[in-house]
Each structure stands twice: as structure tokens, then as C-alpha cells.
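**Q** Let me give you the structure first, and then I'll get to my questions.
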Amino acid sequence: EVRAVDTDPDAVRTARANAAANGLGPTVRTDLGEARPVVGWCADVLVANIVAAVHVAHAQAYAALVCAGGTAILGGILRSREQEVVASMQGAGFAVRAVEDDGEWACVTGRRVALDGEWPVVWAPARTGLQRDG
């Protein structure tokens, strides 16, 4: 299941239309609003494409949304601000795995470190793709 959340109604409509056009409508849930942690649920992967200041301000919220061992992929970052995003992600409990850029824009990828008592997400190959184990 994919949960797509945005504060922009046009972005939500576009995501819904793109999911339907690609035959993914039933597996993609689109919501208008802000992504908030839900007790008993976490994301294996979080993708956010917005300016660096928002990533920095929301780093702790990203950590609350992403499962232990899960991945956050953050884009929309001006290269001149990438180190701020890296520092905020590290401060929120992510191990930064990659920083990529195209000269002007950067993308930061991090894996959320498991806290004491948490089990990390582990993926194992299955006949039909990837299956969550644990």
C-alpha cells in the first residue's frame, strides 16, 4: 500500500490521477493534509520533495513516521543547503547513506536507526517480489 499525503490539493489530485492512469488506483491512498505519526503504523519508505527548510523543521516527524530500519528519501534541496538537511536527519536518528546532486539540487537518503527495543525492517526475496519479514 502507498499513502500519498500533501498539503496542496492540486498535488493530491495529480497523484490520484497518476496512480489511476498507471493501474495503481486501488493500492494508492491519497490524502490532503499533513503526514502525522499513527500508533501501530510506520512507513517502510518515506519520500519527500520539498525545500530544505521544511526537511530540517520536520526531521523529527520523519523519524516518527519511518519504521526502524526504514528509508527516507529527501529531495528538493538546494545543494548549498544539503549539509543542513544531513545534520538534521542525523540528529533525528537517521544514518545518512547517500547524498546525490545534479549540480544545483540534492537528494539525501537515510536509514532510520533502530532505537532500543525496536526491530528493524528486514526485506527478504519472495517469489512475487519483496516481502516484509518481521
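**Q** With Thr71, Thr7 as the choices, which residue is over 22 Å from Thr109 (Cβ atoms) and among the polar types (S, T, N, Q)?
**A** Sole residue among the options that is over 22 Å from Thr109 (Cβ atoms) and among the polar types (S, T, N, Q): Thr7.
**Q** Looking at (1) in the same structural domain as Ala72 (by TED's automatic domain parsing); (2) among the hydrophobic types (A, V, I, L, M, F, W, C); (3) in contact with a helix residue (DSSP H, G or I) (Cβ under 6 Å, 6 or more places away or on another chain), which one does Val47 not meet, given that it meets all the others?
**A** Only one criterion is unmet by Val47, namely (3).
**Q** Return the residues of the range 67-97 that are at pLDDT 95 or above and aliphatic (A, V, I, L, M); say none if nothing qualifies.
**A** Ala72, Ile73, Leu74, Ile77, Leu78, Val85, Val86, Ala87, Met89, Ala92, Ala95, Val96
**Q** Same structure, new question: For the range 79-86, state whether one or more residues are farther than 23 Å from Asp8 by Cα and touching a Lys or Arg at 6+ places or on another chain (Cβ under 6 Å).
**A** No: zero hits.
**Q** Does the range 1-28 hold any residues that are within 21 Å of Ala72 (Cβ to Cβ) and modelled with pLDDT under 90, and which are they?
**A** Selection gives Glu1, Val2, Arg3, Ala4, Val5, Asp6, Thr7.
The values are calculated or read from the model by the stated rules, or taken from the named source; none is laboratory data. Nothing here was measured: the structure is a model prediction, and the numbers come from that model. Neighbour counts are summed over all protein chains in view; Cβ atoms, including those assigned to glycine, are modelled from backbone coordinates with ideal geometry.
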